[in-house]
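The values are calculated or read from the model by the stated rules, or taken from the named source; none is laboratory data. Predicted model only: the values in this text are computed from it and were never measured. Counting neighbours? That spans all protein chains shown, and the Cβs are built from the backbone with ideal geometry, glycine included.
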Amino acid sequence: MAELTPYDTGERLEPHVWVTNGIVVPGGRPRFAEESEFGRVDFDADDGTTILTLHVQRADNGYRMVVDQHSEEYLHVVGHNEPPMLTDPALAQDAEYRTRQMMLLDAGLAYIGKTYGEDIFYADDGDPTAFSLGNYTFQPLMVNDGTVFAIEEAYERGTDWADDERVPIGWTWLQKDLVRLPDGTQRAEITAQGETIPSDIDSLIDRARTWVEQTVRRLQTPDIDFSPYRNPPGRDTPSR
């Protein structure tokens, strides 16, 4: 009889990569993978339960590991480094520089909104303190499916919200995409999020453009299923 492996005994979780040669096979239905699915790995217990899904992406100050945990058990992460300082502190506090970067972001996002205005609704007047997900949001124009790319301005602690001249020190962002559940239904879930500093505005604009382009392609090809497969605890991992 073959010796049991750490996967068999449950000592270690078994990894299952979502994308192989550009193809994913959720529920046995192969299709081309979306950009957001590349690098995603499910880690399963010995009974087939998916405990967590993670991916590692490039960040402004190195790399970021994003973990989607499907269980209530404690997760201890070891071996990570503290993020390095990316910009001169004096530059980060330079209101004039931050204002220029804010204007570049405004112009870049507005151009994306205008370019894809037939399919995407772009808003640049959101209020995160009220009901909006961000100061800037991109959403499907004709379909209310919960998907969105949102950017929120970040300010120094103690900033007066009534001050029309306030300038953000950075931005946070998140994207919600449709995730296919085992019962065949779809639900919008956060699939990526992060932070951007003023010196890295171009990468934030590129990220927004990528999400918009992928969403437009999804809207224009409704017969193709682009949604990733979400395998909750207690369900067998789908073949890939």
- Would you say Gln101 is touching a Pro at 6+ places or on another chain (Cβ under 6 Å) and either at pLDDT 85 or above or assigned to a strand (DSSP E or B) (or both)? yes
- Task: Test Asp42 against the criterion of being at pLDDT 80 or above and outside any loop (DSSP other than H, G, I, E, B), and give yes or no.
- Result: yes
- Query: Of the residues in segment 1-58, how many are of a type in the set (S, T, N, Q), more than 29 Å from Asp206 (Cβ to Cβ) and free of Cβ contacts under 8 Å to residues at least 24 places away in the same chain?
  - Reply: 1
- Item | Of all residues making up segment 194-211, the number that are farther than 16 Å from Asp106 by Cα and either of a type in the set (A, V, I, L, M, F, W, C) or part of a helix (DSSP H, G or I) (or both) | 2
- Taking segment 162-215 and keeping residues buried (at least 17 other Cβ atoms within 10 Å of the Cβ) and small (Gly, Ala, Ser) leaves Gly170, Ala192, Gly194, Ser199, Ala208
- Item | Selected residue (only one of His70, His76 is at pLDDT below 85, exposed (fewer than 14 other Cβ atoms within 10 Å of the Cβ), out of contact with any Asp or Glu (no Cβ under 8 Å at 6 or more places or on another chain) and more than 19 Å from Trp211 (Cα to Cα)) | His76
- Query: Restricted to segment 2-28, and to residues that are on the phi > 0 side of the Ramachandran plot and loosely packed, with under 11 Cβ neighbours inside 10 Å, which residue is modelled with the lowest pLDDT?
  - Reply: Gly28
- Item | Given (1) modelled with pLDDT of 90 or more; (2) over 15 Å from the mean Cα position of the chain (by Cα); (3) buried (at least 20 other Cβ atoms within 10 Å of the Cβ); (4) outside any strand (DSSP E or B), index of the condition Arg218 fails | (1)
